[in-house]
Structure formats: structure tokens, C-alpha cells
Amino acid sequence: MRFSIVIPAHNEEDFLPSCLDAIEAAAARCQAGVETIVVLNRCTDRTEEIAGAHRCRIVREDARNLARIRNAGAATATGEILVTVDADSRMSPRTLFAIERKLASGRFIGGATIVRFERLSLGICLSCLAILFHLLRHGGLTYGLFFCRKEDFDALGGFDESLVTVEDVDFRKRLVARGRARRKRFATLWTAPLTTSCRKFDLFGDWFFLKNPGFLKRSFSGRDRQAGDEFWYDVRGK
């Protein structure tokens, strides 16, 4: 098996080094080869330099559309197993080893991790409950890092580029359905959590979702361009 790990990156010089270090630590614990693909999106900082120093494959896609950005990276992947992760997140040292075992068993179509934030507060905890409510309504709790065989990703057509948000939630739903049709399950990596930054909470405030209850509904529609730009694509005014 060979892994292809796709990372969307819009001005990620502050977070990408830790993300790549975590991937390298996880790669050292599995038997398969690993290629890391960084998809540069309108970068004006040192993201490309950092990716190059880590010997990552570099792809460019400037669309304000995470589905399209992820798909651009996946299109260049040569590995049998595709993994998607965000630049401000760090996989567990056990992640790739756990994925390898799950898929080698033949019982799983793919899967995802549980997510833990690098810090917690009352506002973040209550926001997580609100997010989990919407995730449950859309088919599952796990998000943040997804994996499957490249052939299954291609058969599903990758991420839905008509969505400007929650493209990962939609992909999970379709991957689960494909697994059921083949009598395979969707795996959750309970012992290999993904650690993600709290930069959105740092920027918007820990109580943002509670103060703006309609925002999650707008975001989970997948088609609200304004919500996507305000919270993801133009969040740093770049």
C-alpha cells in the first residue's frame, strides 16, 4: 500500500510545519510509502517554501472552493490510499498504521477520525454540541480527516464541487452509502484522534456559533457563498 495525503493550504506558514511533522511521525510507524501533496490556494506567504523543504508535491488551485482544491490534489495522487487533512491539524502518530490495518482487513470502505481541539472553553464545548447536532442530522459524527482507497474516491467522483462548504460531510455520506452497497463499514479511528487548531475560535470568538445560531444552518446547506467566504475563504482578508 502507498498513501497519498492531500492538504489544502491557503497561507498556512504558521500551521503547516506541525501538520507535516505529524505526517512524518505517522509515516515512520507504518509499512507503506507516503507521498504528501500540498495544494496551494492563493498563497502569499512561505507556505510553498515550507512544503518544498518537506519534499511535498506541490499543486496549485486558486478557486474559493475546498471541494475543488481537494480534488486538484487527489487528481495527482499516485497512492492506493487517499487521505485528506487540513493544514491546521495534526494527525496522531498511530493514524497511518491504523488506516493500513483497517483497509487491509477488507471489512471497511474507509473512515475518519475523531477530532479534539488544542484548547477548550465553555464556549467551544457548547459550540461543539451545536456542530455535533448538525453532523448527526447529516449522517455522522466524525470529520476532519478522511481516508479511503483511491479507486473508491474516483468512483464517487471525489468531493462535490457544487458545494462551497461541508463538502467533507457530503463525501462521508456518499462513502458510507458505497460501503453499505458492498457490505463494508465506515471506520472511526477512536485511538488515533486528530488534533486541530482553534484559530477560528481565536478569530471569531469562542461563543461565535452560539451568538449566531443561523450560521451553522447556512453553512450546512453547502451552497451559501457568503457564509463560505466570511468564515473560510476570505477569513483573513486575503
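The values are calculated or read from the model by the stated rules, or taken from the named source; none is laboratory data. Note that the structure is predicted; figures quoted are calculated from it, not measured. All Cβ positions, glycine included, derive from the backbone under ideal geometry; neighbour counts span all protein chains shown.
Odds and ends about this structure:
- Filter result for A181 (touching a residue at least 40 places away in the same chain (Cβ under 8 Å) and among the small types (G, A, S)): no
- Residues that are in contact with a Lys or Arg (Cβ under 8 Å, 6 or more places away or on another chain) and surrounded by fewer than 23 Cβ atoms within 10 Å (Cβ to Cβ), drawn from region 82-102: D88, P93, R94, F97
- Residue check, G144 at pLDDT below 95, of a type outside the set (S, T, Y) and either surrounded by fewer than 19 Cβ atoms within 10 Å (Cβ to Cβ) or in contact with a helix residue (DSSP H, G or I) (Cβ under 7 Å, 6 or more places away or on another chain) (or both): no
- Residue in region 176-187 that is over 23 Å from G111 (Cα atoms) and hydrophobic (A, V, I, L, M, F, W, C) present: no
- Restricting region 68-81 to residues that are in contact with an Asp or Glu (Cβ under 8 Å, 6 or more places away or on another chain) and of a type in the set (S, T, N, Q) leaves a set whose member that is surrounded by the fewest Cβ atoms within 10 Å (Cβ to Cβ) is T78.
- Identity of the residue in region 196-216, out of contact with any Ser or Thr (no Cβ under 6 Å at 6 or more places or on another chain) and among the aromatic types (F, W, Y), that ends up farthest from Y233 (Cα to Cα): W207
- Scanning region 103-115 for residues being over 14 Å from the mean Cα position of the chain (by Cα), surrounded by fewer than 22 Cβ atoms within 10 Å (Cβ to Cβ) and β-branched (V, I, T) gives a total of 0.
- Summed over region 143-169, the residues that are of a type outside the set (V, I, T), closer than 23 Å to W190 by Cα and touching a residue at least 40 places away in the same chain (Cβ under 8 Å) give a count of 11.
- Residue that is under 16 Å from the mean Cα position of the chain (by Cα) and within 24 Å of Y233 (Cα to Cα), where the choices are I99, I58, I5: I5
- Filter pass, D154 being under 18 Å from F3 (Cβ atoms) and out of contact with any strand residue (DSSP E or B) (no Cβ under 7 Å at 6 or more places or on another chain): yes
- Scope region 156-171; condition at pLDDT 95 or above and more than 16 Å from G111 (Cα to Cα); matching residues: G157, D160, E161, S162, L163, V164
- Scanning region 1-37 for residues that are free of Cβ contacts under 8 Å to residues at least 40 places away in the same chain and in contact with a Cys (Cβ under 9 Å, 6 or more places away or on another chain) turns up E13, L20, T36.
- Enumeration of residues in region 182-223 that are in a loop (DSSP other than H, G, I, E, B), more than 20 Å from the chain's Cα centre (by Cα) and at pLDDT 95 or above: R182, R183, K184, G205, D206, W207
- Residues of region 48-67 classified as closer than 16 Å to D160 by Cα and surrounded by fewer than 21 Cβ atoms within 10 Å (Cβ to Cβ), total: 3
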